[in-house]
Amino acid sequence: MSFVLNKSELPGNITKQFEGYLYGEVGVSFFLSETAPGKGPSLHTHPYAEVFVVQDGTLTFVVGDEEIEVSGGQIVIAPAGTPHKFTNTGATVARHIDIHTSSQMQTTWLES
């Protein structure tokens, strides 16, 4: 059985969330994100890798001990178990896809 979803059908207002386990045996989950300037999640980890595909804008990531500034067209990989976070350090909304290499998202928050 195949699924066709409209972005508007996914949970979330600005950031849309897809978890693969809700759609059969899909082994991936993701956020379709639009992050406002100055915003982003606090430091956290996952028991699997997370891949960020930055489409537009500028994001500054902390991945482990590294701080990395990236812009549209770049990809960042946070290895499994590595603390990470990002902040939109640009002047416009950043659009990105945040891919969780798991059918269900599991997050451990390290700061509030």
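General remarks:
- Checked against (1) modelled with pLDDT of 95 or more; (2) of a type outside the set (Phe, Trp, Tyr); (3) open to solvent by 40 Å² or more (accessible area, probe 1.4 Å), His96 passes all but a single condition, namely (3).
- Those residues of region 1-12 which are among the small types (Gly, Ala, Ser) and loosely packed, with under 11 Cβ neighbours inside 10 Å, in sequence order: Ser2, Ser8
- Selection count where residues are closer than 16 Å to Pro37 by Cβ and part of a strand (DSSP E or B), scope region 56-75: 8
- Among residues of region 13-34 that are under 24 Å from Ser71 (Cβ atoms) and open to solvent by less than 50 Å² (accessible area, probe 1.4 Å), those with a Cβ under 8 angstrom from a residue that is among the basic types (Lys, Arg) and not in a strand (DSSP E or B), sequence gap 6+ or separate chain, pair up as Lys16/Lys7; Leu32/Lys7.
- Members of region 76-86 that are part of a loop (DSSP other than H, G, I, E, B) and open to solvent by less than 40 Å² (accessible area, probe 1.4 Å): Thr82
- Matching residues in region 1-52 - criterion: being in contact with a Pro (Cβ under 6 Å, 6 or more places away or on another chain) and not in a strand (DSSP E or B): Leu43, Ala49
The values are calculated or read from the model by the stated rules, or taken from the named source; none is laboratory data. Since this is a predicted model, take the numbers as computed values, not measurements. Positions of Cβ are backbone-derived with ideal geometry, glycine not excepted, and every protein chain shown enters the neighbour counts. When the accessible area is computed, the model is the full protein with side chains, heavy atoms only, and any ligands, DNA or RNA have been set aside. Shrake-Rupley method; radii C 1.70, N 1.55, O 1.52, S 1.80 Å.
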